[in-house]
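Report on the following structure.
Rule-based calculations on the coordinates, nothing more; no lab input. Every value quoted in this text rests on a predicted model; they were computed, and no experiment measured them. Cβ: placed from backbone, ideal geometry, glycine included. Neighbour counts: every protein chain shown.
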Amino acid sequence: MTRKELFEKLNAVFRDVFDDEEITVNEETTSKDIDGWDSLEHINLIMAIEDEFGISFNIGEVTTMKNVGAMADKILDKIK
Amino acid sequence: MNILSLQFIVLMCVTAAVYQIFPQRLRWTVLTAADVVYVLLVQDLMLTAVMAVQITVTFAAACLLDSQNSGRTALQKKHIMAAAVSFNAAVMILFKEINFFLYPVRLILRAAGTGVSIPFIHWNAPAGLSYYSLIFIAYILDVYWGVSQAERNPGKMLLFAAFFPILTSGPFIRYRDISESLYAGNSITYHSMTYGLQRILWGLFKSLVISNRLGVLVGTIYADPAGYPGAYEFLAFVSFVLQLYTNFSGCIDIIIGISQIFGIEMPENFDSPFYSLSISEFWRRWHMTLGLWLKDYVLYPLLKSKRFRELGKNAKKKYGKRWGKQAPLFAGLMITWFLIGFWHGGGWNYIWGCGIYYGILIILGEMCGPALQRVNERLGINSSSRGWITFQRIRTFLIFTAGLSFFRSYDGLICGLKRWGYALSVWNPGIFINGSIFKLGMDKYDIAVLIVSLLILWIIDMIGHKRSVRDMLAEQNIVIRWGLLLALIFVVIIFGQYGSTYNASSFIYGKF
């Protein structure tokens, strides 16, 4: 999967979790850029990503991702 | 040993002097030695042995779990992690919360008419047990998850494990965040010394000038609820919130200030909580490191567990997408809030007043938030107007106060309920103008000092809500800078309540 394809999939997950069809994420996107991305919604997002890509993050990874770019790196690493 | 005792101050000064003359690469050993001295001074050898066993178990487990140690299977590592976490949790529960578990046993024995009674158990616990046990659990899990390396030097591990300022009242630190500055051996500079002392001074002001005065008033009313009904009770409820805030955050200021002198950056534990617009925001600004700990090491693991995911999937199938998200979240929040209350003590006054009461309110906020927003829009309320924001802040403060009134009812939850009965039994707001409040252990002079001090606190918090007060102070010329600091020093010396009448054990969070 290319990085571009990955971000397209990520956009779909974000739009579904946050119920907002306008969301487009990029490498630098953080929780500050998206309405409703608080600590409670973060774990829902993580689980939706896990379901989408058939992967699993440990809690350490969940709490140390700095932005969507870091999230993408982890996903690509796990689906190799 | 209280953080304001002469013993502690001497230990601090000697540590700082020796630390400064040591070569940088060995300075951490001075802090480790100070840890050992502190621990040996505050408790007997038996309690020190308990602490030593916990440190040893944690140290060994982390070394075995470290990603560099590839000689073990994933299952073996899981077992090691579970055993070390369980051990630390068990020791903490055994010493601090044993009566909670004995309570139902007592009830069963009494109902069965056995005549056997189990006495209330009060064991002395190792210093800082509730703090360092949770810090150890976080450390073990971080190493297990691969986001932290294990500390392989036993001396450095000892420094992290028993860093003496933290043993008094926290905050909850993480090895991965603090290890660099903890072992760096940073020199004590003019900057670190003045910044550290400023922070300590501010903590002393909050604790000695404000909190101790409020403690007199709260203690008088809480000691005799029948004698002080109605408005007195409400005065005590509000005063206790301010007492707890100034006491706990003052203590944390002192701990952070001490650490800053040595160039060690501690996490903040408070962020102007009384400016919060909702209870969930309040708890992101109050005792922040405990909240973060529970989110990362309890709530998230629960929500990611197989059972909770199944709960979400079933709820989604039956009730739709929204409940698919909310059902596991609410269950996880209730468990987490129960544990927050439980950590404060095995009594239901803590479990309710500092736990599930707020859990219920946050869940209600999550459930009703969208509907309330629609109501506001229909009523044409401008949610960003100053009036509405002020209303939300006052509402949040009062909701928090109501919960904390139970927390302060050390005689138990039922006594907390009775206290509300007394509070609502009489309409006597006249006590605020007929001089009655001057008969609560404080004269007019003390009350005037208290009011002015609270105003200063409010103004500083208001400025601090927007930018760093100390950076602002640093920008001033030397006359203003030192003039303000000397004024604060004199205020603490002249108006601080200490000496023979001062109760050195009065740091409320020192007992948890």
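Under a model in which nothing but the beta-carbon of Lys, Arg (+1) and Asp, Glu (-1) is charged, segment B:160-297 shows a dipole of about 80 debye around its Cα centre. Given +1 at the Cβ of Lys and Arg, -1 at the Cβ of Asp and Glu and no other charges, the dipole of segment A:3-79 around its Cα centre is 380 debye to the nearest 20. Counting only the Cα atoms, segment B:6-187 fills a convex hull of 137 Å³ per residue. The label-point distance for B:I394 and B:L417, in a model that sets each label 7 Å from Cα toward Cβ, rounds to 3.1 nm. I'd like the distance separating the alpha-carbon centroids of segment B:310-338 and segment A:1-50, in whole Å. Going from one Cα centre to the other spans 20 Å.
Determine the dipole magnitude for the protein assembly as shown: charges of +1 sit on the beta-carbon of Lys and Arg, -1 on that of Asp and Glu, nothing else is charged, the reference point is the Cα centre, and the result goes in debye to the nearest 20.
With only Lys, Arg, Asp and Glu charged at Cβ, the dipole is about 920 debye.
Given in Å, the Rg to one decimal and the Dmax to the nearest whole number for the Cα atoms of chain A are 11.4, 32. How charged is the neighbourhood of B:I252? Take every other residue with its Cβ under 11 Å from the Cβ of B:I252, and add Lys/Arg as +1 and Asp/Glu as -1. It works out to a net charge of 0. Taking the square roots of 5 times each eigenvalue of the Cα gyration tensor of the protein assembly as shown, largest first, gives ellipsoid semi-axes of 38, 33, 28 Å. Model label points for B:K444 and B:I494, set 7 angstrom from Cα along the Cα-to-Cβ axis, are 1.9 nm apart. Ordering B:Y358, B:G346, B:S405 by Cα displacement along the dipole of segment B:310-421 toward the positive end leaves B:Y358 in first place; charges were set at the Cβ atoms of Lys, Arg (+1) and Asp, Glu (-1). I'd like the FRET efficiency for A:D35 and B:V116, computed as 1/(1 + (r/R0)^6) with the beta carbon distance as r and R0 of 45 Å, rounded to 0.05. For A:D35 and B:V116, the calculated efficiency is 0.15. One chain, two ends: B:K317 and B:Y103. Fully extended at 0.36 nm per residue, the span grows by 73.0 nm beyond their Cα-Cα distance. Relative contact order, whole percent, for chain B stands at 18, derived from Cα pairs under 8 Å and 6 or more residues apart. Using the Cβ-Cβ distance between B:R374 and B:A89 with R0 set to 51 Å, the FRET efficiency works out to roughly 0.70. Once the Cα-Cα distance is subtracted from the 0.36 nm per residue extended length, the B:S5 to B:A17 segment shows a gain of 2.5 nm. Mind checking the log10 I(q)/I(0) for chain B at q = 0.13 Å⁻¹? Debye, one equal scatterer per Cα, no solvent, two decimals. For the requested q values the scattering log ratios are -1.50. Specify which residue in the list B:I140, B:M92, B:M81 is farthest towards the positive end of the charge dipole of segment B:80-198, using unit charges on the beta carbon of Lys, Arg (+1) and Asp, Glu (-1), about the Cα centre. Sorting the options by dipole projection puts first B:M92.
Length gained on full extension, B:D271 to B:I460: 66.8 nm, using 0.36 nm per residue less the C-alpha separation.
Using Cα pairs under 8 angstrom and six or more residues apart, how large is the relative contact order of chain A, in percent? Don't skip to the answer; put the middle values down first.
On the way: 59 pairs, mean separation 28.3, N = 80.
Relative contact order comes out at 35 percent.
For the pair segment B:1-65 / segment B:448-488, the C-alpha centres are spaced 33 Å from each other.
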